[in-house]
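Below is one structure, written out as structure tokens; the observations come after it.
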Amino acid sequence: MPKVIVLSAMALFTVAAAAHGKPVYKLDELSWPRIAALDRARTLFILPVGMLEQHGPHLPIAADTLGVTSEANGASQRVARALPHWNVVLMPTVHYGNSGANQMGDMPVHPGTYPVRQATLRAVVADIGGQVAQNGFKWIFVLNGHGAPSHNIALNEAADFVSETFGVTMLHLTGLFRADPAVQSAGEKLRAKFFTAAERESIGMDVHAGVGETSGLLALRPDLVDANYRSLPSLAGQSFEELRRIATEPGWRGYLSSPAKATAAYGRAFQEWWIQGFTDLML
């Protein structure tokens, strides 16, 4: 009988990267002499930052972490292929962030959310970036999977502090992603491809545990998506004021938008949009 070889997801990732040139280095798997030998001028570090927060009754609380880790893996591979004379170093994901969506519903403590203080997140990311910079490396990119304003401000401030203090470039790419007209135009075209105008209106602002994140998890980890997503009623809001009103209604179950409209196909395209956007911004 022919021998069957089963490869883990990480093994497949390493093989795929190696097949297209220099592999992506995983920082936690390198010895210190290998790190010390990396070209300081031609090495970039990628730091994913996630969150553990409630994502409705249907998604795992690590939805943000799972999403950004996948995006960091994909973007790092593409950057490594595009810059064959550079070293791309992928750092372990920071799993904890600031301010869960439950706070929109005036619930400061929630069994599905495990935040750290804004000052703590800012200090952790600044400390990590500072160590990279003090070791002589010049490029650090933060990829973030969580949308809370205070969380994003912490990452902006940490990146600015490291850049200004050590004379390097540390960028919070997700902030740039959300502000970049070309990236956002591609996102609008993507939504129009998968949903009619009427459907997009019924989805509303898709900011938390809705069609986008549910679709993403259906593509990445369908085993972690509860089948009850198909029966969840739409909670659509067209503004942050409307979303806040929905979240503060009695019995809010911790999601917005329309999870029932989610599909794995949209999830794959949604992830591709993030990966390509991050890649373009890094390059």
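The values are calculated or read from the model by the stated rules, or taken from the named source; none is laboratory data. Quick caveat, the model's predicted, so the values are computed rather than measured. When we count neighbours, we look across all protein chains shown, and the Cβ atoms used for this are built from the backbone with ideal geometry, even at glycine. Just the protein is used for accessible areas: all its heavy atoms, side chains included, with ligands, DNA and RNA removed. Shrake-Rupley method; radii C 1.70, N 1.55, O 1.52, S 1.80 Å.
For a distance above 26 Å, tell me the whole-number percent of Cα pairs in the chain that qualify.
Here the tail beyond 26 Å accounts for 45 percent of pairs.
Taking the dipole about the Cα centre of segment 154-283, with the C-beta of Lys and Arg at +1 and of Asp and Glu at -1, give me whichever of Ile275, Ala198, Ala209 is farthest to the positive side.
Ala198
Given springs between every Cα pair under 10 Å in a Gaussian network model of the chain, which of Ala247, Ala36, Ala236 has the largest fluctuation?
In this elastic network of the chain, the residue with the biggest mean-square fluctuation among Ala247, Ala36, Ala236 is Ala36.
For the chain, what is the charge dipole size about the Cα centre, in debye to the nearest 20, if Lys and Arg each add +1 at the Cβ and Asp and Glu each add -1 at the Cβ? Before the final figure, lay out each step's value.
Details: 23 positive and 24 negative charges, 167 e Å.
So the dipole magnitude of the chain works out to roughly 800 debye.
Along the charge dipole of the chain, pointing to its positive end and built from +1/-1 on Cβ of Lys, Arg, Asp and Glu, which listed residue (Ile128, Tyr25, Ser150) has its Cα farthest out?
Tyr25
On full extension of the chain, what length is gained from Asp160 through Ala179, given 0.36 nm per residue of separation minus the C-alpha to C-alpha distance?
5.1 nm
Taking the chain as a Gaussian network, where each spring joins two C-alpha atoms under 10 Å apart, which residue of Ala264, Ala198, Ala101 fluctuates the most?
Ala198
Quick query: amide H of His172 versus all other amide H atoms, modeled in the peptide plane; which residues come in under 5 Å with a sequence gap of 5 or more or a different chain?
For His172, whose amide H was placed from the backbone, the distant partners under 5 Å are Val142.
Quick one: what are the phi-derived ³J(HN,Hα) couplings along segment 118-127, Karplus 6.51/-1.76/1.60 with θ = phi - 60°, whole Hz, x for glycine and proline?
4, 5, 5, 4, 4, 5, 4, 5, 5, 5
Through the Karplus equation 6.51 cos²θ - 1.76 cosθ + 1.60, θ set to phi - 60°, convert the phi angles of segment 100-113 into ³J(HN,Hα) values in whole Hz; use x for Gly and Pro.
x, 4, 4, 5, 4, x, 6, 10, x, 10, 8, x, x, 10
Express in nm, to one decimal, how much length is gained between Glu242 and Glu272 on full extension, taking 0.36 nm for each residue of separation and deducting their alpha carbon distance. Don't skip to the answer; put the middle values down first.
Numbers: separation 30, 0.36 × 30 = 10.80 nm, distance 2.93 nm.
Once the chain is fully extended between Glu242 and Glu272, it gains 7.9 nm.
Could you tell me the accessible area of Asp39 in Å² (1.4 Å probe, neighbours in place), rounded to the nearest ten?
Answer for Asp39: close to 70 Å² accessible.
Would you tell me the accessible area of Thr196, worked out with a 1.4 angstrom probe on the heavy atoms of the protein chains, in Å² to the nearest 10?
My reading of the accessible area for Thr196 is about 80 Å².
With all protein chains present, calculate the accessible area of Thr69 using a 1.4 Å probe and round the result to the nearest 10 Å².
50
Which residues' amide hydrogens lie under 5 Å from the amide hydrogen of Tyr96, considering only partners 5 or more residues apart or on another chain, with H built in the peptide plane?
Placed amide hydrogens put Gly50 under 5 Å from Tyr96.
Once the piece of chain linking His85 and Ala36 is laid out straight, how much longer is it, given 0.36 nm per residue of separation minus the C-alpha distance between them?
15.9 nm
Mean-square fluctuation check for the chain, GNM, Cα pairs under 10 Å: which of Asn102, Asn144, Asn135 is largest?
For the chain, modelled as a Gaussian network with Cα springs under 10 Å, the answer is Asn135.
How tilted is helix 9-19 with respect to the longest principal axis of the chain? Cα atoms for both, answer in degrees (0 to 90, nearest 10).
Approximately 50 degrees, to the nearest 10.
What share of the DSSP beta bridges in the chain is antiparallel, in percent to the nearest 5?
For the chain, the DSSP antiparallel bridge percentage is about 10.
Tabulate in residue order the Karplus-calculated ³J(HN,Hα) for segment 155-166, using 6.51 cos²θ - 1.76 cosθ + 1.60 with θ = phi - 60°, rounded to whole Hz; enter x for Gly and Pro.
Those phi angles translate into 5, 4, 5, 4, 5, 5, 4, 5, 4, 6, 6, 10 Hz.
Near the amide H of Thr43, under 5 Å away, which other amide H atoms are found, from residues 5 or more places off or on another chain, if H is placed in the peptide plane?
Answer set, sorted by chain and number: Asn87, Lys138.
For helix 63-82, report the angle its Cα long axis makes with the longest principal axis of the Cα atoms of the chain; keep it between 0 and 90° and round to the nearest 10°.
On a 0 to 90 degree scale, this one is about 40.
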